[in-house]
Amino acid sequence: MLTFTITETDHCRPVASFLRNLLPAAPLPYLRKLLKSGHLAVNGVPATPDLLLAIDDTVALKESGRTGQFLATEPPLLDILHEDDRIVIVNKPAGLPVHRTAETGDDNLVDLAERFMAERETPVKLRPVNRLDRGTSGATILAKSATSAGMFGRFVKEEGLGKLYLAVAEGTMPPDGEIDAPLDGKESVTRHRLLFQADAEAVVALYPVTGRTHQIRKHLSLIGHPVRGDRRYGGSPLTGYPGHLLHAFRVALRNPETGRELVIHAPLPPGFVAAVRGIAGDAFAPLLRHLPELPPA
């Protein structure tokens, strides 16, 4: 039996994602079979794929010759949060652009994901359904075909995505509220909820009602509370972290084919965890445990 204790950087990770990262070379049908047959348990109870892991949970996986063959010997190339026949949802690291541009060159999420997929199954051409800024981390949806990209793209345009971001904002933030300020002549609305206030920084949950370019970053800057590390919009410098402290923590969408709602959480990156721990101190663990309970906008 292989056993693991969940730390802050796997907090809120779906069980299926944990298993994918543990056995990155395993075919998807094999991983589904392991979960369906009860080979993976959390705190002694057989786990369902969508169960969210929490700090200090104990995960146990029954060993076999085949699991040993697929067991990761180093951190996976890509942090996959969800995968099905149509889409893959990835926890994008800060500092990595979603797609190639003349400025970024070869390093980008789409190419990295395509290489990862090609190493373990039939190669696919991935297409972003949503895009995060280069400096923003978190849940990014990639479609596995042009048909899937069109299907999910139309859904997002018509119904939108349920999105929840976490940020470290500078200054003393007001309590729960709404920023209603047009950007580039278009209606733009961001709702915010204060999670923890320190002397000069705050941990904030943010719900973008509309989806304008750099919306959250611009809105927080407009009210005098820029994202820490976001120098483009007035944030103070951040050393030792490749982006700014803004993370796409939760994304909710409905499968256009089945009507099934999919809610995916993206664990915080280590540098983000360290920043929040430094701000919240003894309140850090309770704050982290509260995150999955945050309501929709």
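Since every read-out is calculated from the coordinates, none of them should be taken as a lab result. All values derive from a computational prediction rather than experimental measurement. No Cβ is skipped: glycine too gets one built from the backbone with ideal geometry, and neighbour counts run over all protein chains shown.
Numbers for the structure displayed
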| item | result |
| --- | --- |
| Radius 10 Å from Cβ of Ala146, net charge of other residues (Lys, Arg +1; Asp, Glu -1) | +3 |
| Kyte-Doolittle mean at least 1.6, axial Cα span of 30 Å or more - DSSP H helices of the chain | none |
| Directionally averaged projected area (convex hull, Cα atoms, the stretch 62-195), nm² | 12.4 |
| Mean residue ellipticity (222 nm) of the chain, computed from DSSP H runs ≥ 4 via -39,500 (n - 2.57), nearest 500 | -7000 deg cm²/dmol |
| Difference of contour (0.36 nm per residue) and Cα-Cα distance, Ala118 to Arg66 | 16.7 nm |
| Cross-link table Lys62/Lys92; Lys62/Lys144; Lys92/Lys144; Lys33/Lys144; Lys144/Lys186, entries beyond 27 Å C-alpha to C-alpha | Lys62/Lys92; Lys62/Lys144; Lys144/Lys186 |
| Whole-Hz ³J(HN,Hα) from phi, Karplus 6.51 cos²θ - 1.76 cosθ + 1.60, for the stretch 57-63, glycine and proline x | 4, 10, 10, 10, 10, 5, 7 |
| With at most 14 other Cβ atoms within 10 Å, longest stretch of the chain clear of loop GluC sites (Glu not before Pro) (DSSP) | 188-256 |
| Over the stretch 1-73, relative contact order from alpha-carbon pairs under 8 Å, at least 6 apart, % | 49 |
| Spatial extent of the stretch 1-129: Rg and Dmax, with the Cα atoms as the point set, Å | 15.4, 50 |
| Bins of 5 Å, starting at 0 and running to the largest distance - Cα pair percent for the stretch 187-290 | 2, 10, 19, 23, 20, 13, 6, 4, 1, 0 |
| Dmax and Rg, reported as Rg then Dmax, of the chain (C-alpha, Å) | 19.2, 60 |
| Inter-centroid distance (Cα atoms) of the stretch 50-102 relative to the stretch 124-187, Å | 21 |
| Considering only the chain, percent of DSSP beta bridges that pair antiparallel, nearest 5 | 95 |
| Rg(Cα)/(2.2 N^0.38 Å) for the stretch 1-73, N = residue count | 0.99 |
